[in-house]
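Report on the following structure.
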Amino acid sequence: MDRDTDLFDRFLSLHVPGDPLLLPNPWDAGSARILEGLGFEALATTSGGFAGTLGRLDHHITRDDALEHGARLAAAVSIPVSADLEDCFGSDPAGIAETVTLAAGTGLAGCSIEDHDHLSGDRYPFTVAVERVAAAVEAAHSGRHRLVLTARADAGFHGDPDLEDTIRRLQAFEEAGADVLYAPNISRPEDLRRILAAVSRPVNVLAMPDTPPVAELAALGVARISVGSAFWGGGTGGRVAAAGECHDSGTFGYWDRAAVGRTAARAAFRTSGPT
């Protein structure tokens, strides 16, 4: 069994309803190595965090940027990595298939597709969204190096409270063959129960301030929990606080927090990483 097939199988097998995979989102190779060293079993890139490392806002990276970034993180660790490919950078199913096919050649274990068009600011119509997921699934599953395909319904994430439409889309994405289903920003237990009862594929939940703790999500039957750009944002917040203390107060109390990071980095970087 080659490494890519092994990564696909390993990554998919980690999605266990009731025993959710904790999937943190590193933003560069160093943070990926640290998270692996802390014991996480898989990782996913974050489009927002990665864009931030380039001095850009989320949704302001190119397909080449995202694929190169995913390949770099996959090469930096020995655990499965899934790529946040936004809307797969394609205006039609052929373009989406091309993106996913290219991703399959990077050493990644999975990738995701959204049903939101960031150029127009609108969600794709239902039929179009399903066609796009179907194209991504076919490309993810038909090549020599398969990818775990996560299909994301963005209704809750972009302010639309229509849970029925979200469930309808997730059901259609499952029917199209998506391996994992994802509805960001839907975290109320009663809403999650309805989603989980309506589909049979593993469901990912985004950890937000009002998201129930892991134990409660596990009891509901959630199979995966990701953090999006929160770890990157938290790290940036720490840097802003440290810089503000130095600049405004002239004190250096941030060294206590810095020591924690330096210790983790020394432990993670002790070896050269995967070759």
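The values are calculated or read from the model by the stated rules, or taken from the named source; none is laboratory data. Everything numeric here is computed off the predicted structure, so don't read it as measured data. Counting neighbours? That spans all protein chains shown, and the Cβs are built from the backbone with ideal geometry, glycine included.
When residue 123 is evaluated against the numbered criteria (1) modelled with pLDDT of 95 or more; (2) buried (at least 16 other Cβ atoms within 10 Å of the Cβ), which criterion, by number, is the only one it fails?
(1)
Any residue at all in the stretch 58-78 that's surrounded by fewer than 21 Cβ atoms within 10 Å (Cβ to Cβ), basic (Lys, Arg), part of a helix (DSSP H, G or I) and touching a residue at least 24 places away in the same chain (Cβ under 8 Å)?
Within the stretch 58-78 (the criterion being surrounded by fewer than 21 Cβ atoms within 10 Å (Cβ to Cβ), basic (Lys, Arg), part of a helix (DSSP H, G or I) and touching a residue at least 24 places away in the same chain (Cβ under 8 Å)), the answer is yes, since at least one residue qualifies.
Can you pull out every residue in the stretch 106-139 that is in a helix (DSSP H, G or I), out of contact with any Leu (no Cβ under 7 Å at 6 or more places or on another chain) and either touching a residue at least 24 places away in the same chain (Cβ under 8 Å) or more than 15 Å from residue 151 (Cβ to Cβ) (or both)?
126, 129, 130, 131, 132, 133, 134, 135, 138, 139
Would you say residue 99 is among the polar types (S, T, N, Q) and farther than 25 Å from residue 22 by Cβ?
It is true that residue 99 is among the polar types (S, T, N, Q) and farther than 25 Å from residue 22 by Cβ.
Would you mind stating whether residue 101 is hydroxyl-bearing (Ser, Thr, Tyr), in a helix (DSSP H, G or I) and under 25 Å from residue 135 (Cα atoms)? Spell out how you get there, then give the answer.
Values: hydroxyl-bearing (Ser, Thr, Tyr): yes; in a helix (DSSP H, G or I): yes; under 25 Å from residue 135 (Cα atoms): yes.
Spelling it out, residue 101 is indeed hydroxyl-bearing (Ser, Thr, Tyr), in a helix (DSSP H, G or I) and under 25 Å from residue 135 (Cα atoms).
Given the criterion closer than 18 Å to residue 46 by Cβ and in contact (Cβ under 8 Å) with a residue 40 or more places away in the chain, identify the matching residue among 214, 227, 222.
Going through 214, 227, 222 in turn, the sole match is 227.
Which residue, of 198, 242, is more than 22 Å from the chain's Cα centre (by Cα) and within 16 Å of residue 153 (Cβ to Cβ)?
Criteria check complete, one pass: 198.
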